[in-house]
Amino acid sequence: MVARARTRWGGLVGGRRRPTGYFRVAEQDGVFWLDDPDGGLFLSKGINTVDFEQDRIRHSDIIPYALACNRKYGDRDRWRTAVAQRLTRWGFNTLGAWSDELVAVAGASPLAITPTLDLGRSHVWLNVSGPPEEIRQDFPDIFDPTFERHVRARAQDICAARREDKHIIGWFIDNELCWGPDWRGPEELLALFLNLAMDSPGRVAALDWLRKRHADFEKFNSVWRTPADSWDRLYRSGRITAPFYRKPPYERAAADEDGANRDEPRRSLFFDDCERFCADIAARYFSLTSAAIKAADPNHLLLGCRFAYVPPPAVLGAAARHNDVISFNCYGLDPKPVMDIYAATGKPCLIGEFSFRAADSGLPNTEGAGPVVSTQTERAACFRRYVVSALRQPALIGYHWFEHADQPPEGRFDGENSNFGTVTVNDDVYDELTRAMTSVNADAEDCHISAAWVTA
C-alpha cells in the first residue's frame, strides 16, 4: 500500500468533516469511523493494560513485569517513552483500558486514550471490603438511593476536570457487568436482586416489581414455587430459589430452549419475568450513568459498558439509546457473527478486548479467555484473520488487543496465567505477532473503506 497522509493522531487526511477538537462518530458511504480532533478519518487501534505495574502475582506484592522493566529501562519515564515509540511503530494509535495514560504523551506522536470509569462496579466496592479487582462483579444495586448520587459524584470527580482533554476518545462506563447467567454463576439478574440483603433497596424493588406484575399470588407461585403463601410472607422470607435455570447466552441454543419450554410451559413464564426485569434494569442503568457522564463532560463520547457476551435484546436496545458507541469484548476466532448482532442496533461498534494465546510461549494458559493455538506463527495468523474480518464490517470503529504484556506464570489476581502479551514478562517482543500487527494496522483504513463495497 502507498503511504497515506495522516494527522498527528494517525487519522487519514481528507475526511469530509471539519475538525471539532474532539473525537466524534462519523459515517461515510455507509461505513462508520471516528473523526479525530484534527478531522482525520480514524480507527481506534489499541492495546489494553499498557502499564509498568501490570499484574501482581496472586496473593503477593511481586510484579514480574515491573521488576524486568526497572532493570531494562532504569525508570518509568524511559519505559513510557520506549513503549510509546514501540506502539506507534507497530501502528497502534490508542491506549486501551487500564493503561498508564502518561504513555499517551511520552512519544513523538500523541496516543488516544479510552479510560474506564467503573461507575457501576465502584458502587459495589463501597459495601464490600478487599481490593477492587478481587471483588465479584455482580450487578450494582441501582435502586439504592446512593447509586445515582454515587455515579454523578464519580463522573464529576473523574470526567469534569478532563472535559477538554483532546486525547480522550470517550469513556467506558464499566467492564463486563453480569446481565444474567455466565461464568460467574447460573443466576438470572432478577434472582440476583431477589437475593440481596433482606431490606436492601434492590430486593424490595424486585419484589415490588413482581407484585405489580402478578396481582394474583397463587398464579405467580404456580410458576415460581416459593415456600411462601402470600406476598407479605415472601417479603419476609429468606433466599428465593429460582425454579428454572438456563445456560449462559454464549452456550444457549434456541432449539433447546424451545423444546424445554414446550416440555414445561411454566418455564417460559418464569424466563419472561426475568427478561422483562432485566430490560427495566438496563433502562435505568444506562439512563443514570449516561446522564451522569454527560452532565460532567459533554465533549467526549460514551463508549458503552464493554459487554462480555451478547446480552438480552432489551439490554442492547437500552445501551444503543443512551450511548454513542456499543463496546464489547469478543474472544472468538472470528468477530463477525457477534458483531452482526451488535451492529443491528445501528450504532458504531468498538471491540474492547480480543486475544489469542500460544502453547509454545511456555506459559500455563490454563486460565483466561479465548483460543489457545500451537505456535506464535499461528497466533499472528489468528490476529490477522480476526482483525481483517472486523474491518470488513461497516459498524467497526476500533479494535483493542488484550493485552500489552504476558501474565505471570504463577497467575495474576484472579489466577489468569496466559500468553496474551505483545511482549513477555521480561519485555521481550513477540516478533511474529507484532509484525502481523504492524502490517494489518498500516492497511486497516483501506480495508475498512472496502466495507462500503461489501454492503453496496
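Some notes on this structure:
- In segment 155-165, the residue that is nearest to the chain's Cα centre (by Cα) out of those that are surrounded by fewer than 16 Cβ atoms within 10 Å (Cβ to Cβ) and in a loop (DSSP other than H, G, I, E, B) is ARG163.
- Test for ALA104: is it aliphatic (A, V, I, L, M), in contact with a strand residue (DSSP E or B) (Cβ under 6 Å, 6 or more places away or on another chain) and assigned to a helix (DSSP H, G or I): yes
- Any pair with Cβ under 8 angstrom, 6 or more apart, that starts in segment 348-369 at a residue that is without any contact (Cβ under 8 Å) to a residue 24 or more places away in the chain and ends at one that is surrounded by fewer than 22 Cβ atoms within 10 Å (Cβ to Cβ) and assigned to a helix (DSSP H, G or I): ASP360/GLN376
- Residue in segment 166-177 that is farther than 30 Å from PRO110 by Cβ and modelled with pLDDT of 95 or more present: yes
- If the condition is being surrounded by fewer than 24 Cβ atoms within 10 Å (Cβ to Cβ) and under 20 Å from HIS400 (Cα atoms), then segment 340-353 contributes ASP340, ILE341, ALA343, LYS347.
- Segment 378-425 - residue that is over 20 Å from the mean Cα position of the chain (by Cα) and in a helix (DSSP H, G or I) and, of those, nearest to ILE57 (Cα to Cα): ARG379
- Subset of segment 85-101 that is in a helix (DSSP H, G or I) and farther than 17 Å from GLU53 by Cβ - its residue that is nearest to the chain's Cα centre (by Cα): LEU87
- Residues within segment 167-207 that are over 22 Å from the mean Cα position of the chain (by Cα) and either part of a loop (DSSP other than H, G, I, E, B) or under 30 Å from GLY39 (Cα atoms) (or both), tallied: 6
- Residue within segment 250-265 that is under 30 Å from THR49 (Cα atoms) and either in contact (Cβ under 8 Å) with a residue 40 or more places away in the chain or in contact with a strand residue (DSSP E or B) (Cβ under 6 Å, 6 or more places away or on another chain) (or both) present: yes
- Positions within segment 215-248 being among the aliphatic types (A, V, I, L, M) and either surrounded by 15 or more Cβ atoms within 10 Å (Cβ to Cβ) or more than 27 Å from ALA260 (Cα to Cα) (or both), in sequence order: VAL223, ALA228, LEU234, ILE240, ALA242
- Restricting attention to segment 43-73, the residues that are small (Gly, Ala, Ser) and touching a Ser or Thr at 6+ places or on another chain (Cβ under 7 Å) total 2.
- Helices (runs of 4 or more DSSP H) wholly inside segment 253-352 that include at least 1 residues being closer than 30 Å to VAL31 by Cα and polar (S, T, N, Q): 265-296
- Residue within segment 326-333 that is over 16 Å from the mean Cα position of the chain (by Cα) and either closer than 30 Å to VAL373 by Cα or in the same structural domain as ASP141 (by TED's automatic domain parsing) (or both) present: yes
- Considering segment 221-252, the residues that are part of a helix (DSSP H, G or I) and more than 36 Å from the chain's Cα centre (by Cα) include one that is farthest from ALA206 (Cα to Cα), namely SER222.
The values are calculated or read from the model by the stated rules, or taken from the named source; none is laboratory data. These numbers were taken from a predicted model, which means no experiment stands behind them. Glycine also receives a Cβ, built like all others from the backbone with ideal geometry; neighbour counts cover every protein chain displayed.
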